[in-house]
Each structure stands twice: as C-alpha cells, then as structure tokens.
Amino acid sequence: MTLRIAEIFGPTIQGEGALIGEPTVFVRAGGCDYRCSWCDSMHAVDSQYRHSWAPMSSDAVWAQVRHLSGDRPLTVSLSGGNPAIQDFGPLIARGRAVGYRFACETQGSIARPWFGDLDTLVLSPEPTIKR
Ligand code: SF4
C-alpha cells in the first residue's frame, strides 16, 4: 500500500485543539475529497500539486517519524488534505506498538476502521463542497 504524503515535519508544539502543547510530528497526507475555497492547505489538496506528493510505503513514513522524533515516543498527527481517504492503519499499528500516540484531523466525510486505533480523532466539519 503506497501512501501519498505532502510533507512530514516536526517535532513541533501542537498549537491548537485538544492536544495543544503536545510535541508532535505531523504527517500531512496528499489529497482531499473536498474543495473548500477557504482551504489554507491547497498544496495538500489539489491534484495540480500531486507531483510534489511523495509516494511512500508505511515503512518509509514510519522511518521518517522515528528519525524526526529521535526514537522518543510522542504524538503523531495525521492531517491533510483528508488523511481518511488513505489507509494509515499499518502506520498506526506500527507506532502504537512502541508507545507513539496518534491523532487524525479530518472533516469527517469518511470513516475508517483504523479510527478505532487512534488516541485522538479531531473532527472539523466543513460544508459539503465535493470535487
Ligand atoms: S476539507 Fe479541509 S483540507 Fe479538504 S479542502 Fe476543505 S478545508 Fe481543505
């Protein structure tokens, strides 16, 4: 399973929401099923930026998270775009097995079985503007 990844960065301090103040590595997924005119992350949404999204295996994403975190378990936030359009289950299982915590930020259009393995699900509903 190949994931489309717009960027991976951190650790940095989460600046908003329920996890504010938490050291966090962000995994920003490429692609979204909505097209909101107010979106501030179009580089991770619109297919015109698809060439900049890295095709990565879960193993490769996990290796990058471990590298950035220095192998110290912290929170990994899956954002986008809409990360729910991809299968992050294997990455979550891998990280949770060694103490990492996972959050996912989504507008809620799609539910995935792996939501049940998250520590935190952040739902930010948007009006329905499908592509
Ligand atoms: S749902 Fe979120 S990420 Fe997707 S286009 Fe709308 S604001 Fe952007």
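Nothing in this text is a laboratory measurement; each read-out follows from the coordinates by a stated rule. Note that the structure is predicted; figures quoted are calculated from it, not measured. Here the Cβ positions follow ideal geometry from the backbone for every residue, glycine too, while neighbour counts run over all protein chains shown.
Residues in segment 33-66 that are within 9 Å of the ligand (Cβ to nearest atom), surrounded by 13 or more Cβ atoms within 10 Å (Cβ to Cβ) and free of Cβ contacts under 8 Å to residues at least 24 places away in the same chain: 39, 42, 46.
Annotation: of all residues in segment 97-113 being touching an Asp or Glu at 6+ places or on another chain (Cβ under 7 Å) and under 21 Å from residue 7 (Cα atoms), the one that is farthest from the ligand (Cβ to nearest atom) is 101. Residues of segment 88-125 that are among the hydrophobic types (A, V, I, L, M, F, W, C), out of contact with any strand residue (DSSP E or B) (no Cβ under 7 Å at 6 or more places or on another chain) and surrounded by 15 or more Cβ atoms within 10 Å (Cβ to Cβ): 91, 114.
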